[in-house]
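FYI, it's all coordinate maths here, none of it is from the lab. This is a predicted model, so every value here is computed, not measured. Ideal geometry is used to build each Cβ from the backbone, glycine not excepted, and the neighbour counts take in all protein chains shown.
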Amino acid sequence: MFKNGIVIGKFAPLTRGHINLINIAACQCEHLKVIISYDQRWVDQQNVRDRKRLGLKNRKKWLLHTYQEIKHISIHVIDEADIPSFPDGWKEFAGLLQPFVGEDCAIFSGEPEEVAQLKQYIPSITPVIVDSHRTRVPISATMVRENIYQNWDYIPSIVRKDYTISVCLIGQESTGKSTMAMMLGKLFNTSWTEEYGRTFSEKELFMDESLYESYDYAKIAYRNKELEEQALKSANKIVFIDTNAFITEYYHRLYEGVSNPIVTAIAASEHYDYVIHLAPTVKWVDDGLRVNSDRSKTSPLFESLLKEFPNQLPQGRTLSITSDNYLERFMQAVQFADKILETVKQGKY
């Protein structure tokens, strides 16, 4: 048993291989420092998807979430901004690492060559090589990063959440958003969200929408975001979002006649990977809550809001469904989701 231990890595992203290494190290020392080696120059060289997801905050969050209950593991950061980029700069990197080296300290790694380099400059550390042939988890973080979705089983759920593809369904009332989101979720064996506005109307307003106050819409927008976060945690590569703050703002302007600054701000900041826009071309159905059957009045408002919030229809990533046939609408959405998943499985984003 070592008094101190160190595990160093990019953790970009955190994988089950990293977790295996950290677990084995934690069993062999009284205190383990897990150190994120961070270089913004390296992040800037990644593709658009990874530049968004592999920042320092995400990587630290993944590790803190994974090891929050294990008290003798602590998470630290080394910023490599002012030293030569890997694979150069071993002497300088060792200088940054030196303050973390304690008494009777081991460094645990699956890379014998890298540990040997550090040993030259910090002779007091004891190298411990762990599964260098990757027999337990037969893949590297580089291989995972090259195709996240083909290697989904090798990343923990906290990382999957950040790589899950979000598909938001928007449209006026009675266009089939809720049913479509549920059917897609069930078909693709993944999670979906349910519109909280309906739940709020049923539980808090007793099915009487005339009781709505302006501040209620902010509650609904916040709760919808919480439901999105919950759905992301259990999603299987893709998640279907039924209604967002943009739709909540549409209803606020429809009923209240003015904008809601809180909901407007949330709607303006929304960015989904893909959007399905359901046109109001199917029959309006009275479900006990809907009161706006005259689409000649609601459609102009909705279209004006789409112009005000261009972020709601991302270019090249939006499917507009105009068919008046429910089966055709559903099959178009299914084909859209199939194409998304096939594209990302090929390593394209």
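Points worth noting:
- Evaluated with a Cβ-only charge set (Lys, Arg +1; Asp, Glu -1), segment 164-345 carries a dipole of roughly 560 debye about its Cα centre, given to the nearest 20.
- In the structure shown, the pairs Lys33/Lys71; Lys3/Lys33; Lys177/Lys203 are assessed against 18 Å; a Cα-Cα span above that value is assigned to Lys177/Lys203.
- Per-residue Cβ neighbour rank within 10 angstrom, fewest leading, Phe240, Phe108, Phe2: Phe2, Phe108, Phe240
- Sequence-separation-based contact order of segment 188-330, relative, with Cα cut under 8 Å and 6+ spacing, percent: 25
- Note on segment 2-156: with charges restricted to the Cβ of Lys and Arg (+1) and Asp and Glu (-1), its dipole about the Cα centre is near 600 debye.
- When only alpha carbons of the chain are considered, Rg and Dmax amount to 25.0, 79 Å.
- Residues Ser259, Ser124, Ser296, arranged from fewest to most other Cβ atoms within 10 angstrom of their Cβ, appear as Ser296, Ser124, Ser259.
- Considering helices alone, the calculated mean residue ellipticity of the chain at 222 nm is -13500 deg cm²/dmol, with DSSP H runs of length four and up weighted by -39500 (n - 2.57) and normalised per residue.
- Whole-number D in µm²/s for segment 164-345 (Stokes-Einstein; Kirkwood sum over Cα pairs; 10 °C, 1.306 mPa s): 96
- Rounded to the nearest 20 debye, the dipole size of the chain about its Cα centre is 700 debye, using +1 on the Cβ of Lys and Arg and -1 on the Cβ of Asp and Glu.
- Size-normalised alpha-carbon gyration radius of segment 112-232, reference 2.2 N^0.38 Å: 1.77
- Put in line by how crowded their Cβ is, counting other Cβ atoms within 10 Å and starting with the fewest, Val263, Val334 read Val334, Val263.
- Of the residues Gly5, Val77, Ala337, the one whose Cα sits farthest toward the positive end of the charge dipole of the chain, with +1 on the Cβ of Lys and Arg and -1 on the Cβ of Asp and Glu, is Gly5.
- Taking Cβ atoms as reference points and 15 Å as the exclusive limit, the residues near Asp216 contribute a net charge of -3, counting Lys and Arg as +1 and Asp and Glu as -1.
- Segment 2-156: radius of gyration over Cα atoms, expressed as a fraction of 2.2 N^0.38 Å: 1.00
- For segment 102-165 versus segment 218-285, the gap between their alpha-carbon centres in whole angstrom: 39
- Nearby aspartates and glutamates by direct alpha-carbon distance to Lys283 (threshold 17 angstrom, same-chain neighbours under 8 apart not counted): Glu173, Asp294, Asp324, Glu328
- Listed residue (Pro138, Trp152, Phe93) projecting farthest to the positive dipole end of segment 2-156, Cβ model: Trp152
- Relative contact order (percent, whole number), the chain, Cα cutoff 8 Å, 6+ residue spacing: 16
- Range in the chain, longest, excluding exposed GluC sites (Glu not before Pro) [loop by DSSP; at most 11 other beta-carbon atoms within 10 Å]: 214-349
- Of all DSSP bridge pairs formed entirely within the chain, close to 5 percent run antiparallel.
- Of the DSSP H helices in the chain, those whose Cα atoms cover at least 20 Å axially and whose Kyte score averages 1.6 or more: none
- Each of Gln315, Phe302, Val128 was placed along the dipole of the chain (beta-carbon charges, centred on the mean Cα), and the one lying farthest toward the positive end is Val128.
- Of Lys297/Lys345; Lys233/Lys348; Lys119/Lys161; Lys119/Lys233, pairs whose Cα-Cα distance is over 32 Å: Lys297/Lys345; Lys119/Lys161; Lys119/Lys233
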